[in-house]
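Notes follow the structure.
Readers should treat all values here as calculations from the given coordinates under stated rules, not as data from a laboratory. Please read these numbers as outputs of a predicted model, since none were measured by experiment. We place every Cβ from the backbone using ideal geometry, glycine too, and count neighbours over all the protein chains shown.
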Amino acid sequence: MKNATDSQFRQRIAQVSARLMVQEGIEDYHLAKCKAATQLGVPNTRNLPSNSEIQAEILIYQRLFKSDTQPQLVQELRETAIQAMQLFKAFSPRLTGSVLLGTATPHSDINLHLFAHSPEEVALFLVDNRIPYELTDRKFRITASREINKTVNYPCYYFVAGDHNVALTVFNIDDIRWSPLSPTDGKPMKRADLPAVEKLLQANWIT
């Protein structure tokens, strides 16, 4: 009986975490879990759901409560993503994250991975095209060997395209052959090139 109760409570934390991530735009799974546990009156519990469990609840939440707006939102974000990918086509852009997966919220960034010999190439391109940007960095887990993963910082250029934020993470030119590990399930992140995103848009398909 205890195992069943623990499982139900774990699911409840996942459901509240999912709602917080959708409604408040929280992107950090751990932060969402902590806030959910606090709201449920168990801030110190160790019975926390996995990121994959929360992702599954996000899909359920959006289908139940956002079915009238979610397809249009994802369509709009993917249209903007395509425009950005066309602009940065010299850097072999790949779409990743919630816009690709169809779980984006109004708070979501459009996440593109670019590939260049140096980050300065992207910065110069932005300047030449008179695109104001903010430079920061993003942490990704990568597979250093068969048994070891490590966290690496990559430069990320933020700019605004219409009503949406675009995040350009710049990888080395040779890094196109592999993908960082997903924070959701620890597997290589899903990435899509321009033709694949255009196909998604034409099909109006949400994964």
| message | Give me a comma-separated list of calculated 3J(HN,Hα) values for the stretch 63-69, in order, Karplus coefficients 6.51, -1.76, 1.60 applied at θ = phi - 60°, integers in Hz, x for any Gly or Pro. | response | 6, 7, 10, 10, 5, 7, 10
| query | To the nearest 10 degrees, how steep is helix 194-203 against the longest Cα principal axis of the chain, on a 0 to 90 scale? | reply | 60
| query | If we count other beta carbons within 10 Å of each Cβ, what is the order of Met85, Met21, Met189, fewest first? | reply | Met189, Met85, Met21
| What lysines sit close enough to Lys89 to cross-link, taking a C-alpha to C-alpha distance under 21 Å and skipping anything fewer than 8 places away on the same chain? | Lys190, Lys199
| message | I'd like the GluC sites (Glu not before Pro) in the stretch 1-86 restricted to DSSP loop residues with at most 16 other Cβ atoms within 10 Å, sorted by number. | response | Glu27
| request: Kindly provide the helix-only [θ] at 222 nm of the chain, computed as the sum of -39,500 (n - 2.57) over DSSP H runs of four or more divided by all residues, to the nearest 500 deg cm²/dmol? | output: -14000 deg cm²/dmol
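In what sequence do Lys150, Lys33 fall when counting other Cβ within 10 Å, fewest first? Provide the component values of the computation, followed by the final result.
Numbers: Lys150 10, Lys33 23.
By the 10 Å Cβ count, ascending: Lys150, Lys33.
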| request: Multiply the residue separation of Asp28 and Ala203 by 0.36 nm, subtract the distance between their alpha-carbon atoms, and state the gained length in nm to one decimal. | output: 60.0 nm
| request: Largest first and in whole Å, give the semi-axes of the chain's equivalent ellipsoid, each being the square root of 5 times a Cα gyration tensor eigenvalue. | output: 32, 21, 15
